[in-house]
Structures are given as C-alpha cells and as structure tokens.
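Coordinate-derived values only; no laboratory data. Here the structure is a predicted model, which is why all the values come from computation and not from measurement. Every residue, glycine as well, gets a Cβ built from its backbone with ideal geometry; the counts of neighbours run over all protein chains shown.
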C-alpha cells in the first residue's frame, strides 16, 4: 500500500453537529481552573511577603529642630490704680449734698459730699451749754472754798484764845477740806464737758466730707437723701484714684512658678477689651503672703504698668506672661517626645521580646531625660533610647543642652500597634 492509498483510507475529521456542543472535551475547563489557581497562589505569596515586610507597630514622631525659645510663666490678675483711697463717713446721717460724681477730678481738701448737720449743730450747742454750766459750778466751788478757809482761820485764832471749842475748830477744818475737794470735782466736770464739746464740734466738722488726695473719682456709692450708718464701720462713699496714668496688676502666680519671678522682670499682658494688643510692664514686688483658694496656693506679684492713654481701666482682667528665660537659637525637642515613656508591651513591640527583656533604661531624673529616636533606614528604622539634658522649657518645646541628638532627628511621641 502506497502513501496515496494510506491517505485515502485514513478516517476524516468532521466537526460536531450543532446539537452536540455540550459534549466538547473538558480539558479546556480544567486548564482554566489551573491558571486561576496558580494566579491565586501567586497573589497570596505576594501579599504574605508584603505583609511580612510591614512592622507590627506604627511610630508617631516629632521633629527635633533649632529655633528660638521663650520660657514664660502664665498668670491672671486685675488692674487697679497705683494709689486709690476709699472715702467714707465717720458720722451717721442723711446725705444732704453730693459735689462730685463718677470721673470728677478733685483736689485735696475739696468738699465732695455733705451730711445734714442739724443734729450735730444741736449736739454742739448742748455741749457748749454744759461747758458753761460746769465753769459756773467751778466758780461756785472756788467761792465756797474761800469762805471755808476764812472760817477755818477765824476758828484757829479763837481756839488759840480759848474762845472757841475744839469741835467748832474741827468742823471748820472739815468744811475747808470739802471745799477744796469740790474744787477738784468742778475742774474735772469742766474738763469733761470741754471734751464733749470738742467731740461734738468734731462730729459737726465730719458732716463735711473732703477729698484726702488729688485724683479722679472712680466710684460713687451713695445718692442725695440716702442715710449712711457709721456705727460699726465707716461706709464707703467714694473711691478716688490718685493717677490713672500709672496702674498696677496684682497677678496670682502659682507656687510652682513663683520661684522663677523676681523684681524687675519684663511682663507682657493682654486684656479682653483690646484683643490682639499687648501691653507691657515690670514686676515691682513679689509678696510673701500666700493665698489659698480650693487648695491652690498662689502669691501676689505686683506689676507696674504705664497707662498714658488711659486705655486700661481699673478692674480689667489681665492675662499675664512673665518671661523668665529666652534663647535666640536653641536645639528644640517637642514636649511630646519628652512625655513618651514606653511600657513593657510597647518595648516588646519596638525591640522584640528578647531584647526588651534585657533592656535597661538609662538613668533619668531632674534635668536628665531619656528620649527615643528613630535611627537607621526609612524602611526599617530602629528605636534608640538617647539620654539628654534639658534646659529651658516653654511648654511646647524644651532646650536640649547635651546628648546625642541633632536637628532633623525624629523623636518618638507614640507607638501605635497596627490592626491585624
């Protein structure tokens, strides 16, 4: 059989009929499933390797840089005039006249109010009459004494001549002694009534209320017709400030900060009446008297303030900043880095369980602190504890005085464990 015959006798392939498509061979389906399985396995391997490359924790960091530092003590206080006087009344009565009002400029000795003097005039007149009566009594006592002394002299002479009895002489001597005692009583009565007159005249004088200083009236607490009672304490009628171009702030500084404040220290403060504007002053005195309110101990720091434009008013609340240390160029570390102290769980995540068990924290205390820096590559940073010495602290940044730390380093502020 030749080749041509073999070809003619070989069976010929015929395509399947339309109704027999469901009987195609399954090798195509099996091939597709294999390709999908290989792709799924490849994706899983890639995801596993990528996941293995990601650390279990994420570090929140802050940047160490170089810049200015201004350490300040904050406090609040109230503005008041440098010298102010509360003018009161030393006698009780009805206000009959007011000769000064809010904002009035007054001079020393100027009458600013008056109390109805009618009762006090009557009291003074009565005291004057009592004094006159006491003086008359003194003159009568003196006349009686003269008469008694004369009778004693006569009885003394008659007794020597035997013309008077001893009893008559004793009576004359006793009467002379009584007359001398009456003189002393009358003199005391005159002094007493004179003092009562002086008091009545002084009370009458007090019905006219005068300004004790040159200044400006900043408060008036009474009206005409009002009755004031000075029986227990003098009621305040006016408050007069001597000079509103010079003011003071009484700031309450906490006991933890008072050691940083001293006389002559520069002060900046703000008031709500002028937002965005800063006023300046200087510490005049740090008072030793402690004030305790709700178990918080504060000390009064007196600050002198110039007020040439009289923008500042008595009673305004001042938010005070007392600058006690300033650095123009300092290596600064954020406060968040100083506050970070990893616990055992965080150390295990950062260093690994074995290294965390052997880890001994560097000594810290006082100005010596320990901060954690991220050292090494960006892809695999290594947390490293660094001992540093801290200087000035402004509440946001702290000055680094010494330590293996440089501007541009990143200090760890928080360790966050990644979600599984």
Chain lengthening between residue 345 and residue 417 when straightened (0.36 nm per residue, less Cα-Cα): 24.9 nm
Cα centroid separation, region 227-241 to region 155-220 (Å): 35 Å
Contour minus Cα-Cα distance for residue 310 and residue 108 (0.36 nm per residue): 70.5 nm
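Between residue 370 and residue 180, what is the FRET efficiency for a Förster distance of 56 Å, r being their Cβ-Cβ separation, to the nearest 0.05?
Values: r = 98 Å, r/R0 = 1.75.
With a Förster radius of 56 Å, E is 0.05.
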Residue-span extension gain [residue 101 to residue 295] - 0.36 nm each, minus C-alpha spacing: 65.7 nm
For log10 I(q)/I(0) by the Debye sum over Cα atoms at q = 0.09, 0.13 Å⁻¹, calculated from these coordinates, the label among [x] -0.54, -1.03; [y] -0.60, -1.23; [z] -0.89, -1.19: [z]
Inter-probe distance in nm under a simple model that places probes 7 Å from Cα toward Cβ, at residue 284 and residue 153: 7.3 nm
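Using Cα-Cα distances under 8 Å and only pairs 6 or more residues apart, what relative contact order does the chain have, in percent? Can you show the working numbers first?
Values: 738 pairs, mean separation 107.4, N = 420.
That works out to 26 percent.
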Residue order, fewest to most beta carbons within 10 Å, for 198, 223: 223, 198
Rough spin-label spacing in nm, given labels placed 7 Å along Cα→Cβ, for residue 201 and residue 234: 2.1 nm
Inter-probe distance in nm under a simple model that places probes 7 Å from Cα toward Cβ, at residue 192 and residue 118: 3.1 nm
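Per DSSP H run of n ≥ 4, the term is -39500 (n - 2.57); total these for the chain, divide by its residue number, and report the mean residue ellipticity at 222 nm rounded to 500 deg cm²/dmol.
-11500 deg cm²/dmol
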The chain: most fluctuating residue of 174, 84, 367 per GNM, C-alpha cutoff 10 Å: 174
Length-normalised contact order of region 117-204 in % [C-alpha pairs under 8 Å, at least 6 apart]: 53 percent
Cβ-derived FRET efficiency at R0 60 Å, residue 143 paired with residue 219, nearest 0.05: 0.50
Fewest-first sequence of 163, 312 by Cβ atoms within 10 Å of each Cβ: 163, 312
Degrees separating the helix 27-53 axis from the principal Cα axis of the chain, which is the longest one: 30 degrees
The chain: most fluctuating residue of 149, 255, 201 per GNM, C-alpha cutoff 10 Å: 149
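As a footprinting exposure proxy, order 222, 261, 296 by other Cβ within 10 Å, with the fewest listed first.
Taking fewest neighbouring Cβ atoms as first place, the list is 296, 222, 261.
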In degrees, nearest ten, helix 166-206 long axis to first principal axis of the chain (Cα): 40 degrees
